[in-house]
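Here is the structure we will look at.
The values are calculated or read from the model by the stated rules, or taken from the named source; none is laboratory data. Owing to the predicted nature of the structure, the values given are computational and were not obtained by experimental measurement. Accessible surface is based on the protein model in full, side chains and every heavy atom, while ligands, DNA and RNA are left aside. Shrake-Rupley method; radii C 1.70, N 1.55, O 1.52, S 1.80 Å.
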Amino acid sequence: MPQAVTIRSLPRAFELVKGMQAQGLEWGEGYRGLGREAIAAILQGRMSEVIDAHLDRMAVLDQADRRNGSYRRHLLTELGEIELAVPRTRRFAPIAVLRAYARRAEQLDRMILACFVLGLSTRKVGEALLPILGRSISPATVSTVAKQLDAVVGAFHARPLKDGYRVLMLDGVVLARKTGAGAIRRPVLVALGLRPDGKKEVIDFRLAGSESAAEWEHFLGDLIRRGLIGDSLEMICVDGGSGLLAALPTAYPGIPVQRCWAHKMRNVLAKVRQADQVAVKTDLQAVMNAKTLPQARSAARRFADRWEQQYPKAVACLRDDLDQLLTCWCYKSLAERKKVRTTNAIERRFREVRRRTRPMGVFSDRTSMDRILFAVFNHENQNQGVSTPLLLTQTF
């Protein structure tokens, strides 16, 4: 098992961000706008500090000088053009700050993205920017930057939702997070929607304490309050967790439930000796791939007749949930049923989360988990052509 890796240095942060960019993880215009605002906030704060220091020196030397407004200056960065109000006195302007930035622009831009992904602490951000700006920056400035960088994730979790999804898929993934008492493993609840055009969209996710009915009710209740009331839903596909199944009648009463065939096959095969697993799996696939609903029920009866004496628990595992396993036969074609009979679409996105986060080891806190999950899920949505534009109006 690979050892957990904790990010402790600016070069390591740069290496991770560069690797993620090389893998095609696009940050999107929402990130770029926030990055520009963060750079502007840092530079404005640094220029104000330099002006204050200059006036203090003039006072000590008993030389007359005073503030004389500001002038506009445009900078072209990797994240786009930013406009700055450069403060000045009658005898001095802190243009050296902009020259220092120009020499290190690429590093600073990448550091903004590293802060976003890694959730570096205020102290770590200050240390990281020290060699770039030549001087430490105030905690207040770092806090302003952090708020700007987190705004896009907050907007994603709070945005109004459309109610046009045909199928809702619900599942959870477990990730590790550091605490003062060591690493803990906690689930991430995910909702994915199948749109009328056939595209799949990660609607939202929630960092939860467990996969209990209360946690799922809280997550689903938030989706409903934001607009996903379920009027267009034809079914809900779930993995079969007891907490989720208990929450569905409250959140979406009357919506047919499709149990995930992939999860069910794993559960059935776990009750079968390895020597018989190929044969049992073949019989299960005969049920799953039957052309019509009557043929599927007939295949299920044949499965029970063949295996019940030898594996009664395996047969009961199938029989107990058979009706919900056959919900997808409301669609006539096998191609349509394949799209909705498993939660594999979520599972594939979970694999991408694990692949991209493996170099990071254990997340440092909930904020860093939230950031990287959003980055990966939004990237997957972009691949589907369904990325959500976030209208950010916050002013910091």
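Things worth noting here:
- Taking θ as phi - 60° and the Karplus parameters 6.51, -1.76 and 1.60, the scalar couplings of region 266-274 work out to 4, 5, 5, 5, 5, 9, 10, 4, 4 Hz in sequence order, x denoting glycine and proline.
- Accessible-area composition of region 201-312, carbon plus sulfur, in percent [1.4 Å probe]: 51
- Note, ³J(HN,Hα) from phi for region 57-66, Karplus 6.51, -1.76, 1.60, rounded to Hz, x at Gly and Pro: 5, 4, 5, 5, 7, 6, 10, 6, 6, 7
- Long-range amide H partners of L228 with built H, under 5 Å: L161
- Residue pairs exceeding 25 angstrom between C-alpha atoms, taken from K162/K264; K291/K339; K200/K338; K162/K332; K200/K281: K162/K264; K162/K332; K200/K281.
- Taking amide H atoms as placed 1.01 Å from N in the peptide plane, the amide H of V257 lies under 5 Å from those of I236, each 5 or more residues away in sequence or on another chain.
- Vicinal HN-Hα couplings computed from phi for region 232-249 (Karplus, 6.51 cos²θ - 1.76 cosθ + 1.60; Hz; Gly/Pro x): 9, 5, 9, 6, 10, 9, 9, 7, x, x, 5, x, 5, 4, 6, 7, 4, x
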